[in-house]
Structure formats: C-alpha cells, structure tokens
Amino acid sequence: METRGVANLGRGGLRLRSVAVCLSALFASVTALADGDTSDPALVYLRPETSSFWHTATNSTMTLPVEFPVGASSATLTVTGAFNYSQTINDITSSSVTVALPEAVMPENDPATEDVYDFTLTFNDGTVRTAKLGLIAGLGDGEGQTRCLAPASGSAWEKVKGQVAIPIPYGMTSFEINGTSTDTGLDGAQGWYVLKLKSNVSAALSGLVGEDSWTALLKGAATGFFLILR
C-alpha cells in the first residue's frame, strides 16, 4: 500500500511539475511582450491569387531572387512582353538577378509603355519556373499617380492611347474581346492583360466573374491632326 501511494504521488508530482513548466513559459512570453521583444513586421500574402500586387512589377528595374534547385548551378532568364519585346539573361549563378525593362509612364506622355511580361527562369537541371507581371504606368518608387476622368459617363473613359494594361479581377472564368474567347494566362488569379488599339479602332470587352458579367467598350484615341479641304 505504501509503495502504491508513493507511485500515485509521483504521478501527481509529474502533473504538477508539467503545469508549473507551462505557467513559467506563459509568464516568460507575457514578460517578453511587455518588454517590447517582438519580431519585425512582415507582409505575408496568404492568398496571392486574390491580389493584383502579386502580379504587378514594383518598378521598371527589379532585382529578383534566384533559388537554385538541388543539383542546379546556373540559370537563364527570358523576359517577353505582349508585343515583340524580349530579352534574355544567360549564365546566372548568383542568388539574384537584376532586370531592366522599358519604363511605363503616364499615357499622356507616351501611350505605348504599359505591358504585361512573362518571366521564364530555366535552370541547367531542367527545372523551369514562370511568373507574369504587369508593368503599370504611375507605379514606382513607393508612390502612385493616376488620371482623374470625370464624369464617368464621358467619352474620355473609353479612349485608349496605344497600349494599355487592363485589370483582370480574381475569379474571372471567361474573357472575350470582340466576342473572341481570350486566355489571360492568369488561371483565375487577379492581374493584368495588355491590349493595343490603333487609332479609331474599338474593342468590346466582356468577362464573367461568378454570376456577374463585366463589360467595357474601349476605343483607340485618334493620333495626329487631320484637316480636310474641299
């Protein structure tokens, strides 16, 4: 009986010691928070497909991280735009690579500078990684700017000066231009699609997000000045 009593007390002692350890750890955590011992803040995207920022370039010149797979020692980066732009960076062996793209400026200065770029990183072990980024006018160096067009019913809303990036909302299951089904390359994620319109050429856009339909009519702005004499 005495032996069993000691054994029972021993198990109770283990439980008490466990509670004491938990209380000590909790007290230490609360004390650390009270003393200001907190980690540095960090921006974490839990659902990157729902945000345009995940598919938006921070600037025309970017330093991108390169994470090598096990066994790979070099890589090649190919960047292609929607309309004939292309550049290739070979023999990448460092942990980052700097890419310089044509700067996107506000439409009134240069109408054809926004673009959506496909990045393809190919490692020498055969691994391929891809990304799609929109380079948008008015974004850069931590600041943003945009045009203010009023009223919304005015014809200025419809005018496109050359090449323009169109925002694609999250969950868009279909996208059509002039009735033709068009692949945005985003697989339902939120991002950008670039469109180029010649002078006085119109484009009817339509899309489906859930049960909601999205429509827009864009028209290429006239370039130059025409004087017709009879």
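The values are calculated or read from the model by the stated rules, or taken from the named source; none is laboratory data. Since the structure is predicted, the reported quantities are computational estimates derived from the model, not experimental observations. Every residue, glycine among them, receives a Cβ derived from its backbone with ideal geometry; neighbour counts consider all protein chains shown. Please note that ligands, DNA and RNA were not included when accessible areas were found on the heavy atoms of the full protein model with its side chains. Shrake-Rupley method; radii C 1.70, N 1.55, O 1.52, S 1.80 Å.
Tabulated data
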quantity	calculated
Residues within segment 40-56 that are open to solvent by less than 60 Å² (accessible area, probe 1.4 Å) and assigned to a helix (DSSP H, G or I), tallied	4
Number of the exception - Ser94 against (1) outside any strand (DSSP E or B); (2) at pLDDT 90 or above; (3) touching an Asp or Glu at 6+ places or on another chain (Cβ under 9 Å)	(3)
Residue match in segment 144-156 (condition: touching a helix residue (DSSP H, G or I) at 6+ places or on another chain (Cβ under 9 Å), open to solvent by less than 80 Å² (accessible area, probe 1.4 Å) and modelled with pLDDT under 85)	yes
Selected residue (criterion: farthest from the chain's Cα centre (by Cα)) from residues of segment 164-195 that are of a type in the set (S, T, N, Q) and crowded, with 16+ Cβ neighbours inside 10 Å	Thr184
